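Some notes on the structure that comes next.
The values are calculated or read from the model by the stated rules, or taken from the named source; none is laboratory data. Predicted, not measured: the structure shown is a model, and the values here were computed from it. Reconstructed Cβ throughout: ideal geometry from the backbone, glycine too, with neighbour counts over all protein chains shown. Accessible surface is based on the protein model in full, side chains and every heavy atom, while ligands, DNA and RNA are left aside. Shrake-Rupley method; radii C 1.70, N 1.55, O 1.52, S 1.80 Å.
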Amino acid sequence: MEFRWLLFVLISSSVVIITKSQTTTKDPDWSDVVVTMVGTEVTLPCVDWPLMGSVSINWKMKSPSVDHWKLVLSANERQQFSGAASKASMRLVDSNFQETGDFSLLFVPKMEDKGRYSCLIIQQEKKLREKIILLAVLTVSIFPSATLPQHSTLRLMADVSPASAISEVTWLSPGGTPLRLAKRTGGGVAKLPQIRPTDQGVYICQVYPKGNSSTHMFPFTVDLRVDDINVASFTNISHSTQISMASLTQTPLTLACPPKRGDYVLLFWKPPDSRNTTTLVYGYDRWRDRTEQSKTHAQLSLDGPLSTPKEGFFSFLLSPGLNDGGLYMCEVFLNDNVFSQRTLLSILQVKARHSPSALVLTCQYTERSQVKRVVWSHQNQSRTLKWSSSGPGRLSTEVPLSPTQDTAGNYTCTMLLRNGQAVKAVYTVKLPPKENTESTTSVSPPHPESNSASLLPSLSALLLLVPLVAAVAGVLLWRQKDISRRGIEQSLSHYSGEVENIYENPEDVRQDLKPRGQDDVYEELDR
């Protein structure tokens, strides 16, 4: 029973899936597609074999906005008359259609002529064959005009109606390179920013029909010219509030651009503390996917946190050097509009160098126009530092050599901007490592006074070891029977120096080295 129920569920599910698939993949209700442009003569093809006997042709039309057919033209071998949907330019391609089998319709369409057309062939008052043709109308727009001023943004727009007639629209450059297209229902837009004379030529719009069609693709050409003299002027510029900021060297920071979708972005730079004119350091065209970058700003990238360049949103990431401060101007271009964002950037760094008497810490900063104050401070706030300036954008303080507890620690250079923003650079001066008194060797040459002081304990220890060495040597020499007493005395004299006559008899040595306790260390020597 359970098996039968499971089988029923599976069969029912299959029926539902198959039914849904059939409804979603329904073929278009036309047998051919024709795409044309307004004002361009077009032929709706309807061709059959030559027919005998009484033959007539009826052309009817149904607009996308209505659900009924209207008569366009009706003809037989004797006469022809027009219907309510007929146009003045409409006619049959061949008036002798009965003998040639060519029943095609020719006319110059307008936008309202788009829709379905029915070619109904009747023989001997019976329906012989019917062909449904979908006529789609293409509209191509060029901005600013067919003759463009240099540096303007070319916009090639293609729209097909009805949109259900096509599957894709593409644009090709004069060299045959596909252009990037912003697709939309029934067509799309291709753009070429900063147009140049080298961009002029014939552009091709390719329209690919959907479903049944006797033509794979419909090409349409546009001849474009670029003005050799006139240059585009962008007067519609929107300025955002200028940003003032500061940063340490080699610390990544974001250079903001206007939060507007654009066709391309240009970043200009004016060097810090100078009257030089601005220069272009970075440019990106998202339609061509083309980047231009100055060698002076190799550390600059279009990788800001809010940047999606191919979608038209931009921001920059910069790891600045000291001389990378200054004024940055990010300009985003959208068609004929410009959006601008300025950033004034000050950079701070600290460098250290040794002089014969001190460690010199120098605080360097650029773009001084927005700097309010720069000061040196020590971690011990009660300690007052002295500093000096050797030139604009340079402030130095000195730390005596061989730092002490008072002079070691963190030295901070603080730069305060006029808008209240502050940035700090810290340099740490460390105490020298402490000397190890238990070690018998030293890496660096010791001071003469400390050397004489350290030798006193060593000499005392050596003097205490002399009697012990003499005693041990005497015992060992006594055990050698082949050595004479004179040799023993000479040996003792050699090793003990001033105590050479203390032990003249070996027996006296043995008596003197007798163990005096259970744990006496000389017990082994007596054995």
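So, in the range 106-135, of the ones that are outside any strand (DSSP E or B) and basic (K, R), which residue ends up nearest to the chain's Cα centre (by Cα)?
K114
Considering the range 179-195, and only residues there that are assigned to a loop (DSSP other than H, G, I, E, B) and in contact (Cβ under 8 Å) with a residue 60 or more places away in the chain, the residue that is most open to solvent (accessible area, probe 1.4 Å) turns out to be R180.
Restricted to strands (runs of 3 or more DSSP E) entirely inside the range 258-359, those with at least 2 residues that are in contact (Cβ under 8 Å) with a residue 40 or more places away in the chain and open to solvent by 20 Å² or more (accessible area, probe 1.4 Å) are 264-270, 326-334, 337-354.
Residue check: T241 meets all listed conditions (1) under 23 Å from Q349 (Cβ atoms); (2) among the hydroxyl-bearing types (S, T, Y); (3) open to solvent by 20 Å² or more (accessible area, probe 1.4 Å) but one, namely (1). Residues that are at pLDDT below 95 and open to solvent by 40 Å² or more (accessible area, probe 1.4 Å) within the range 115-129 comprise Q123, Q124, E125, K126, K127, L128, R129, listed in sequence order. Checked against (1) part of a loop (DSSP other than H, G, I, E, B); (2) open to solvent by 60 Å² or more (accessible area, probe 1.4 Å), I229 passes all but a single condition, namely (1).
Taken over the range 73-90, the criterion of being assigned to a loop (DSSP other than H, G, I, E, B) and buried (at least 19 other Cβ atoms within 10 Å of the Cβ) is satisfied by A85, M90.
Of all residues in the range 360-376, those satisfying the criterion of being part of a strand (DSSP E or B), in contact (Cβ under 8 Å) with a residue 40 or more places away in the chain and buried (at least 16 other Cβ atoms within 10 Å of the Cβ) are L361, C363, Q364, Y365, V371, V374. Within the range 377-393, restricting attention to residues that are without any contact (Cβ under 8 Å) to a residue 40 or more places away in the chain and assigned to a loop (DSSP other than H, G, I, E, B), the residue that is nearest to G409 (Cα to Cα) is Q379.
Cβ-Cβ distances below 7 Å connect the following pairs, each with a first residue in the range 414-434 that is part of a strand (DSSP E or B), a second residue that is small (G, A, S) and open to solvent by 30 Å² or more (accessible area, probe 1.4 Å), and a separation of six or more residues or different chains: T414/S377; T414/A422; M415/A422; L416/A422; L417/S244; Y427/A352. Do we find a residue being at pLDDT 85 or above, farther than 13 Å from I57 by Cβ, open to solvent by less than 60 Å² (accessible area, probe 1.4 Å) and assigned to a loop (DSSP other than H, G, I, E, B) anywhere in the range 91-105? Taking every residue of the range 91-105 in turn, none turns out to be at pLDDT 85 or above, farther than 13 Å from I57 by Cβ, open to solvent by less than 60 Å² (accessible area, probe 1.4 Å) and assigned to a loop (DSSP other than H, G, I, E, B). Please verify whether the range 226-235 includes one or more residues that are under 27 Å from S315 (Cβ atoms) and touching a Phe, Trp or Tyr at 6+ places or on another chain (Cβ under 9 Å). Yes, the conditions are met somewhere in the range 226-235. Considered as a group, the residues in the range 133-157 that are of a type in the set (V, I, T) and within 16 Å of D228 (Cα to Cα) include one that is most open to solvent (accessible area, probe 1.4 Å), and that residue is T147. For the range 252-276, a residue qualifies if it is hydroxyl-bearing (S, T, Y) and either modelled with pLDDT of 95 or more or under 24 Å from S173 (Cα atoms) (or both), and the qualifying residues are T254, Y264. Those residues that are farther than 30 Å from Q194 by Cβ, in contact with a helix residue (DSSP H, G or I) (Cβ under 7 Å, 6 or more places away or on another chain) and in a strand (DSSP E or B), I need them from the range 207-226; list them, please. Of everything in the range 207-226, just one residue is farther than 30 Å from Q194 by Cβ, in contact with a helix residue (DSSP H, G or I) (Cβ under 7 Å, 6 or more places away or on another chain) and in a strand (DSSP E or B), namely P209.
All of (1) part of a loop (DSSP other than H, G, I, E, B); (2) open to solvent by less than 50 Å² (accessible area, probe 1.4 Å) hold for Q250 with one exception: (2).
Could you grab me the full set of residues in the range 158-178 that are more than 28 Å from D113 (Cβ to Cβ) and open to solvent by less than 60 Å² (accessible area, probe 1.4 Å)?
Passing the criteria: S173, G176.
Please work out if N410 is part of a loop (DSSP other than H, G, I, E, B), more than 30 Å from K270 (Cα to Cα) and modelled with pLDDT of 90 or more. Answer is no for this residue.
Within the range 277-285, does at least one residue satisfy the condition of being closer than 21 Å to I195 by Cβ and either modelled with pLDDT under 95 or touching a Pro at 6+ places or on another chain (Cβ under 8 Å) (or both)? Scanning the range 277-285 turns up at least one residue that is closer than 21 Å to I195 by Cβ and either modelled with pLDDT under 95 or touching a Pro at 6+ places or on another chain (Cβ under 8 Å) (or both). Sub-9 Å Cβ pairs linking a first residue in the range 196-210 that is in contact (Cβ under 8 Å) with a residue 60 or more places away in the chain and open to solvent by less than 70 Å² (accessible area, probe 1.4 Å) to a second residue that is among the charged types (D, E, K, R) and assigned to a strand (DSSP E or B), at least 6 apart or interchain, are V207/E168; P209/D32, ordered by first then second residue.
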